[in-house]
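No value in this document is a laboratory result; all are computed from the given coordinates. Since we're looking at a predicted model, the values are computed, not measured. Methodologically, a virtual Cβ is constructed for each residue, glycine included, from the backbone with ideal geometry; neighbour enumeration extends over all protein chains shown.
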Amino acid sequence: MPKAWADKISLIIPVFNEAPHLAELLAALDRVQLPRPCELVIVNDGSADQSSQIIRQFPFRNDVLIIDQPANRGKGAAVAAGIARATGVIIGIQDADFEYRFDEIARLVDPIIAGEADVVYGSRFRPGASPPSRGIHYLANRMLTCLSNLCSGLRLTDMETCYKFFRADIIKNVRLESRRYGFEPEVTAKIARLKVRLVELPVSYAPRGRGDGKKIGWRDGVAAIWHILYFNLLARRAAWFGKDLPTAFRP
């Protein structure tokens, strides 16, 4: 990988109005033990509460990069902004909540560090994951993953997972367009076109509800169907990948 990138792991953390639990979240993430130094890339996505002040005043021990979006643009836009500025050789996504276990990140990045994978998804539905809730969100996630697999040719169990980790020289050369939650099907569709080794590993999951600050809703599920169909079947692919994408990964 280019020498300009540091031998560390960058976690992209989009934040939008998460003040009630944000200090606790930042403290937990700042304590995470990883096999490489950690860079926290916090993207404040136009929060209207006290999130910005909490982030600015927090005494981080790890390297931290704070990006302020002037207005709320959505998770996809926040992730894209974070990826563009991240400096690590591995880049991953971390939502600003406690639905996933931070201590499992080290296990997810291990295959990339060992040279056994280029992309790792943390699956909530693979054998070994925590038993999933069988409610409407479970059914929606499985349906969206099945549709994504049908269109992309992949054989994933959890396309919509938050935990996605990438070699930096891959994800920095994937041009992302989706502003909201279309990021998940979009990045999956584009990664599916590359010659990469994608591995799924089981992860633990404790879903939060609307009362706990969860923002995704049924409209986002409907939009995900459109994003799956568009990016897999309809979109023009000529400009999907940057010029610095290593030749070995190109379609």
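How would you classify the range 67-194 from its alpha-carbon gyration tensor, with a ≥ b ≥ c the square roots of the eigenvalues: rounded for a/c under 1.5, else prolate if a/b is greater than b/c, otherwise oblate? Intermediate values should be presented prior to the final figure.
On the way: a/c = 1.34, a/b = 1.20, b/c = 1.12.
It is rounded, given that a/c, with a ≥ b ≥ c, falls under 1.5.
Among residues other than I91 with Cβ under 11 Å from its Cβ, the summed charge is +3 (Lys and Arg +1, Asp and Glu -1).
Highest mean first, the peptides 225-231, 18-24 sorted by other C-beta atoms within 10 Å per residue fall in the order 225-231, 18-24. Please identify which residues in the range 82-99 have an amide N closer than 20 Å to a label point set 7 Å out from the Cα of K243, following the Cα→Cβ vector. Residues 84-85 fall inside that zone.
If you average the sequence gap of Cα pairs under 8 Å that are 6 or more apart and divide by the length of the chain, what percent do you get for the contact order? All intermediate terms of the calculation are to be shown ahead of the outcome.
Values: 460 pairs, mean separation 53.8, N = 251.
Reported relative contact order: 21 percent.
Over 21 Å between Cα atoms: which of K8/K190; K75/K243; K164/K195; K8/K195 fall into that group?
Details: K8/K190 25 Å; K75/K243 25 Å; K164/K195 17 Å; K8/K195 24 Å.
From the list (K8/K190; K75/K243; K164/K195; K8/K195), the Cα-Cα distance tops 21 Å for K8/K190; K75/K243; K8/K195.
When the chain is treated as a Gaussian network with alpha carbon springs shorter than 10 Å, the biggest mean-square fluctuation among L234, L26, L144 belongs to L234. Considering helices alone, the calculated mean residue ellipticity of the chain at 222 nm is -9500 deg cm²/dmol, with DSSP H runs of length four and up weighted by -39500 (n - 2.57) and normalised per residue.
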